[in-house]
Amino acid sequence: MANVVKLYDMYKSLHKNEPFYPFLLSSPKIAEQTMYIIIDKNIPFLYDALTSMGHKVDAMPGTAISKADVEHAEALFVRTRTECNASLLEGSKVRFIGTATIGYDHIDSDYCKQRGIEWVSAPGCNADAVLQYVQSSLYIWSKENGVQLHNLTLGIVGVGRIGSRIASWAKGIGMRVLLNDPPREATGEKGFVSLHDIAKECDIITFHPTLQKDGMFPSYHLADSAFFYSLQRKPLLINASRGGVADNRALLVALEEGAVSDAIIDVWEGEPDINITLLNKVYIGTPHIAGYSAEGKLNASRTMLQAFVKFTGSNNAIPEISLPAPENVIIAASDEQDAFLQIYNPKNDSEQLKSSPDQFEQLRNNYQLRREPKAYDIKLK
């Protein structure tokens with residue numbers, strides 16, 4: 001118990017502006033080799049876990065991590081705001097980088113390979129959180145617009161861990177679902193349609209590819225002026241992948257001209273300096289928090305810890321981290337839509353950002369981590 005209290009105190013001193021989710025840590029053996037590690041202060045659980053393993057850890061804002069800071073660091077744990085490239089890493093002792101994100105376009109993988117720096121992302125860590133974001137966004141959109149989702153056709157661009165979950169859910173509630181994933185289709189998989197078919201037939205289009213600027217299947221500005229002009233049904237557009245997947249200027253024009261009826265945007269070009277006119281035009285606009293559930297954060301931290309322990313070859317046990325039940329675990333609701341919106345309504349996050357767009361980064365970094373539906377006992381009336 002004394003160790004748990006100590007970890008609680010450390011967490012609270014580090015994350016003064018964040019909610020505290022009590023967790024339990026096992027008592028692993030002290031690391032065979034103490035390492036100096038720098039972490040983004042907004043990644044929960046890591047500080048306590050790494051220090052309990054015997055490492056020396058400094059935590060700071062991801063945007064503030066500099067070349068001077070990492071000069072003597074042997075490992076980094078970051079998010080998308082820290083560009084891990086030669087400008088940051090040259091001359092440092094860094095041998096391992098963990099990013100608590102699905103995407104990794106902020107990591108110069110070629111440079112890391114040349115320098116012998118191992119890095120790991122956390123694919124799928126927040127897939128259920130992004131699914132929750134899309135579900136709740138569509139539930140509130142359909143409710144306020146008097147639309148029955150089961151009467152609509154949903155197009156999913158990028159059918160990985162997130163896109164596959166959304167497809168399964170959408171089919172389960174009776175939606176017609178079209179899938180577009182050229183990389184998977186190129187391997188011989190069946191069941192995919194062209195982006196042209198998505199533009200022609202879909203009432204809702206949601207984007208979930210990784211961001212690729214080159215290669216065989218670039219996704220940068222996949223939704224561009226040509227794509228918007230090709231739309232046939234004036235769809236609702238959702239982007240909860242990477243800001244660069246949708247050309248934000250072209251999207252604004254499409255909204256103004258009616259080619260796109262509505263938009264739900266969580267990721268933006270130029271973050272945190274986003275297009276305010278576009279923000280005020282979209283139905284829901286949030287500060288890159290679609291994947292920010294407590295469960296998603298926990299999954300990311302676990303993934304990085306597992307990779308780090310494997311990298312070090314340590315005999316240390318990975319600290320056991322767990323989340324408590326929500327304060328009010330029972331959700332009484334008339335149907336699934338009602339239940340999901342009681343748990344999380346993304347319009348609340350949107351209203352906060354629209355009222356204070358200059359606080360984009362603060363709203364993102366101090367986000368009150370939500371819980372996913374599986375944390376609750378949902379009882380339908």
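Here is how the numbers come out for the structure above:
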quantity	calculated
Cleavage-rule hits, trypsin sites (Lys or Arg not before Pro), the stretch 260-350, DSSP coil, Cβ neighbours within 10 Å at most 15	none
Segment Glu201-Glu71, length gained on full extension (0.36 nm per residue, minus Cα span)	41.5 nm
Inter-label distance for Ser334 and Glu90, nm, one decimal - labels placed 7 Å from Cα along Cα-to-Cβ	6.3
The chain: C-alpha pair distances exceeding 26 Å, %	54
Helix axis angle, 248-257 relative to the chain longest principal axis, alpha carbon, degrees	20
Degrees between helix 161-172 axis and first principal axis of the chain (Cα, 0 to 90, nearest 10)	40
Estimated FRET transfer efficiency when R0 is 35 angstrom, pair Lys374-Arg176 (beta carbons, to 0.05)	0.85
Length-normalised contact order for the chain - Cα pairs under 8 Å, 6+ apart - percent	17
More than 25 Å apart - percent of Cα-Cα pairs taken over the stretch 111-228	30
Charged-residue dipole, Cβ positions (Lys, Arg, Asp, Glu), the stretch 127-285 about Cα centre, Debye nearest 20	460
Cβ-Cβ FRET estimate between Thr187 and Asp110, R0 fixed at 30 Å, reported to 0.05	0.80
Sites Asp214 and Thr63, calculated FRET efficiency, Cβ-Cβ separation with R0 30 Å, nearest 0.05	0.70
Inter-part distance where the stretch 102-128 and the stretch 276-326 are each reduced to a Cα centre, Å	14
Restricting the stretch 257-323 to GluC sites (Glu not before Pro) in coil, as DSSP defines it, with at most 15 other Cβ within 10 Å	Glu320
Point-to-point label distance, Lys354-Gln306, nm (Cα→Cβ direction, 7 Å offset)	4.0
Under-5 Å amide H pairs with Val177, H placed in peptide plane, nonlocal only	Leu154
Positive-end residue, the stretch 284-381 charge dipole about Cα centroid, Cβ charges, pick of Tyr376, Leu298, Asn365	Leu298
Dipole magnitude of the chain, debye to nearest 20 (Cβ charges: Lys/Arg +1, Asp/Glu -1, about Cα centre)	720
The chain, helix-only ellipticity at 222 nm - DSSP H runs n ≥ 4, -39,500 (n - 2.57), divided by all residues, nearest 500	-10500 deg cm²/dmol
Relative contact order [Cα under 8 Å, 6+ residues apart], the stretch 127-285, whole percent	18
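Each reported figure results from applying straightforward, stated rules to the coordinates on display, with no laboratory input. Treat the numbers as computed from the prediction; the structure is a model and nothing was measured. Neighbour counts are summed over all protein chains in view; Cβ atoms, including those assigned to glycine, are modelled from backbone coordinates with ideal geometry.
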